[in-house]
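The values are calculated or read from the model by the stated rules, or taken from the named source; none is laboratory data. Just so you know, these numbers come straight off a predicted model, no measurement behind them. Glycine also receives a Cβ, built like all others from the backbone with ideal geometry; neighbour counts cover every protein chain displayed.
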Amino acid sequence: LLVNAVAMWASPRYAWNIYRLLDEIHRQEREEMENKLEAKDKSIQKRIPRSVPKGKEKNYKYMIYTEEMENEEDRDMVMLHLVRRNNKSFYDLAKIYKSDRNWFYRENLPISMTPNEDVKQIVQDTLPQTHYDIKGCTILTFKEDLSLLKEKITEYFDNFKQVE
C-alpha cells in the first residue's frame, strides 16, 4: 500500500503499473495458498479410508456377562458387565465366554458401532428407574428382569444386522 501511494504521487501511469504488479503478486500468493489447502485436503482424504485397516472393519466382539451379588440382601440382583473388544484383546475374556456367566454374545461387529450406550438406553427405556443402577459399563438389575432385557438387546442387535 505504501508503494502504491508513493507511485500515485509520482505518476498515474507508474501507479497503474505498480497496481498491476502488486495484483499479480497477490494472485500468485493466493494460488499457492489454495494449492497447499487442496494438497492437505487430498492428504486427509487419502488417510480417512486407512483409519480402519482393510479387512478389520467388522473385527469387534461384544459380550455381556453376569456377576452374582455376594451380599445376602442382594441375592435377587445381578451385575451385568458390558464389554466390547477387538478380536485380539478378547482373549483375556475367554474364560468368561466359555463359562455360564456369559449372558449375551455377538461377534463381527463394525468398529463404528457403540453398543454400550445403546444397551444402557435400552435398559433405561425398558425398566422402571427403581429396577436398575448404571455405573460406567456395569448395570445392576433384578434377576427377574433379565429375560425381558435379553429379548430387547437381542432385538436391537438383530435389527442392526439387518440395516447393514
Which residue is farthest from the chain's Cα centre (by Cα), if the candidates are limited to the range 90-120 and must be closer than 21 Å to residue 131 by Cα and of a type in the set (A, V, I, L, M, F, W, C)?
103
So residue 59 passes all but one of these: (1) at pLDDT below 85; (2) exposed (fewer than 11 other Cβ atoms within 10 Å of the Cβ). Which condition number does it fail?
(2)
Scanning the range 133-155 residue by residue, those assigned to a helix (DSSP H, G or I) and under 27 Å from the mean Cα position of the chain (by Cα) turn out to be 149, 150, 151, 152, 153, 154, 155
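Consider the range 95-117. How many of its residues are in a helix (DSSP H, G or I) and surrounded by fewer than 14 Cβ atoms within 10 Å (Cβ to Cβ)?
3
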How many residues are β-branched (Val, Ile, Thr), under 21 Å from residue 76 (Cα atoms) and in contact (Cβ under 8 Å) with a residue 40 or more places away in the chain when one looks only at the range 111-152?
3
